[in-house]
Amino acid sequence: YPLSRFRSRFKRPYLMAVLFTTCLPVTAIMVPVYGLFVRINLIDTLSGTALFLAATQLPFAIWLMKNFMDAIPVSLEEAAWTDGANPMQALARVVLPLMGPGVAVVTVYSFIMMWGNFFVPFMLLLTPDQLPASVSIFTFFGYRGEVAYGQLAAFSILYSTPVILLYVLIARRLGGGFALGGAVKG
């Protein structure tokens with residue numbers, strides 16, 4: 001919200017830094033991250049891996065949410081202010097409901113990118129019991145070219161179910177939300 005509505009001399013450098021971090025491949029930063037995780041005892045912890053995955057998705061989520069926020073006209077907030085709402089009420093009652101589709105898109109995209117990430121959990125988690133499904137699916141491929149196709153197919157269906165359910169739950173919000181629902185009368 002502040003990146004879209006307020007002017008600051010730090011806004012452009014901050015956005016350029018965010019854009020730069022979206023261009024960094026995770027493989028390029030894994031060696032220093034691994035060293036840091038060993039040093040601060042976060043290696044082989046689910047919380048440390050989840051924190052790193054969330055941190056790697058944050059720049060793209062910020063950039064995408066800013067674009068959704070830019071699409072909401074300031075005149076809607078000004079109309080709410082004219083009707084007697086304070087800035088927090090205008091944000092909560094006007095802007096946030098219109099941001100629903102943007103939040104849904106960012107949620108689905110971030111979840112899919114973290115759910116399907118193989119490399120980060122493979123590097124940061126050492127205990128086989130803690131490995132997520134994206135890494136566990138690797139165990140169905142044998143060492144000598146043998147593949148357990150039946151088990152792989154069954155596991156793949158189970159593995160894709162959360163993503164499909166998330167999309168089905170959020171698809172309703174994605175349908176008509178981008179038109180702003182007649183919010184601007186013309």
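The values are calculated or read from the model by the stated rules, or taken from the named source; none is laboratory data. These numbers come from a predicted model, not from an experiment. FYI the Cβ positions are ideal-geometry reconstructions off the backbone, even for glycines, and counts take in every protein chain you see. Only protein heavy atoms, including side chains, enter the accessible area calculation; ligands, DNA and RNA are left aside. Shrake-Rupley method; radii C 1.70, N 1.55, O 1.52, S 1.80 Å.
The lone criterion from (1) loosely packed, with under 12 Cβ neighbours inside 10 Å; (2) in contact (Cβ under 8 Å) with a residue 24 or more places away in the chain left unmet by ALA133 is number (1).
Is there a residue being over 30 Å from ASP70 (Cβ atoms), open to solvent by 60 Å² or more (accessible area, probe 1.4 Å), in contact with a strand residue (DSSP E or B) (Cβ under 8 Å, 6 or more places away or on another chain) and at pLDDT below 90 anywhere in segment 140-154? Taking every residue of segment 140-154 in turn, at least one turns out to be over 30 Å from ASP70 (Cβ atoms), open to solvent by 60 Å² or more (accessible area, probe 1.4 Å), in contact with a strand residue (DSSP E or B) (Cβ under 8 Å, 6 or more places away or on another chain) and at pLDDT below 90. Being over 17 Å from ASP44 (Cα atoms) and among the hydrophobic types (A, V, I, L, M, F, W, C) holds for only one residue in ALA153, ALA133, and it is ALA153. Per this entry, ARG39 is counted among residues that are at pLDDT 95 or above and among the basic types (Lys, Arg). Among LEU124, LEU91, which is in contact (Cβ under 8 Å) with a residue 40 or more places away in the chain and surrounded by fewer than 19 Cβ atoms within 10 Å (Cβ to Cβ)? Selected residue: LEU91, the only one of LEU124, LEU91 that is in contact (Cβ under 8 Å) with a residue 40 or more places away in the chain and surrounded by fewer than 19 Cβ atoms within 10 Å (Cβ to Cβ).
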